[in-house]
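Laboratory data are not the source of any read-out in this text; all were calculated from the coordinates shown. Since the structure is predicted, the reported quantities are computational estimates derived from the model, not experimental observations. All Cβ positions, glycine included, derive from the backbone under ideal geometry; neighbour counts span all protein chains shown.
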Amino acid sequence: MSRITTTFDALKAAGRKALIPYVTAGFPFADITPDLMHGMVEAGADIIELGVPFSDPMADGPVIQKAGEKALALGIGMTQVLAMVTAFREKNTTTPVVLMGYANPVERYDLKHGDDAFIRDCAAAGVDGVLIVDYPPEECEAFAAKLRSNGMDLIFLLAPTSTDERMALVARVASGYVYYVSLKGVTGAGHMDTGAVEQMLPRIRQHVKIPVGVGFGIRDAQTAQAIGKVADAVVIGTRIIQLLENKPHERVVATCAEFLRGIRLALDKP
């Protein structure tokens with residue numbers, strides 16, 4: 001059983017919802033990420049999504065694109081991202097870490113380091129799940145099986161436009177959780193329609209039996225609380241990146257933690 005499944009099981013038993021913050025690895029400073037991850041956990045994060053910087057991130061809006069560009073300029077690639085997870089694991093062996101990114105850096109890593117090097121090195125670093133935006137489920141069964149045999153989950157996105165057929169495909173291959181993108185478009189694209197999310201989740205759950213997290217558009221405690229009533233997890237990325245964008249090094253961790261504490265309190269309200 002993966003650390004992600006264990007985490008969701010414990011939360012369900014306690015009647016709580018998962019808080020999943022996203023941050024781009026190496027943003028806003030090349031050396032800040034492990035400390036930032038620890039700060040997120042102390043503020044109430046249950047799972048951390050770590051963005052792997054990529055030069056052509058088609059699903060990311062301008063805020064996360066800019067964060068990725070900054071991280072790339074600071075020399076952050078897959079090797080550095082895995083080193084950050086390794087550093088985080090020196091003090092934290094329980095909080096799941098999910099790498100979120102695109103096929104190109106994964107395939108480039110394998111070309112450089114050998115077949116299945118990405119899976120091998122993720123497992124060695126302490127990664128728990130992988131979300132690769134441009135990997136379609138129908139082409140991922142072997143990859144998913146290799147990840148699972150190394151104790152990791154393959155996570156997929158579903159969108160308002162996803163068909164029942166697509167949901168069934170994802171349900172067959174995915175493990176850990178499924179990430180429902182609540183808006184049409186890129187990250188940070190607009191304000192969330194919580195009513196539309198409420199209507200969509202029962203349809204997803206007809207096919208998907210693992211937890212469903214909701215993201216893209218959650219910017220404050222009020223929205224997080226509303227989504228937490230219907231989803232198993234709340235994912236927040238763009239708003240965190242915006243908050244950290246121009247902060248000095250010494251304020252980054254505290255700024256993120258302050259924001260997440262407010263979200264955690266809202267999620268835990270009876």
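Quick rundown of the values:
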| quantity | calculated |
| --- | --- |
| Total lysine pairs under 26 Å (Cα atoms) in the chain, excluding pairs fewer than 8 apart on one chain | 22 |
| Cβ-defined net charge surrounding residue 57, 12 Å radius [Lys, Arg +1; Asp, Glu -1] | -3 |
| Mean Cα-pair separation over length for the chain, i.e. relative contact order, pairs under 8 Å, 6 or more apart, % | 23 percent |
| From phi via Karplus (6.51, -1.76, 1.60), per-residue ³J(HN,Hα) for segment 4-20 in Hz, x at Gly/Pro | 5, 4, 4, 5, 5, 4, 5, 5, 4, 4, 8, x, 10, 10, 7, 9, 10 |
| Distant-in-sequence amide H partners of residue 159 (H built 1.01 Å from N, under 5 Å) | 181 |
| Cα centre as origin, Lys/Arg/Asp/Glu Cβ charges: segment 1-119 dipole, Debye | 320 debye |
| Ordering of 126-133, 77-84 by packing [mean C-beta count within 10 Å, highest first] | 126-133, 77-84 |
| Estimated vicinal HN-Hα couplings, Hz - segment 256-261 in sequence order (Karplus 6.51, -1.76, 1.60; Gly, Pro = x) | 5, 5, 4, 5, 5, 4 |
| Distance from segment 118-158 to segment 1-79 (C-alpha centre basis), Å | 16 Å |
| Of every Cα-Cα pair in segment 59-179, the percent that sits beyond 19 Å | 50 percent |
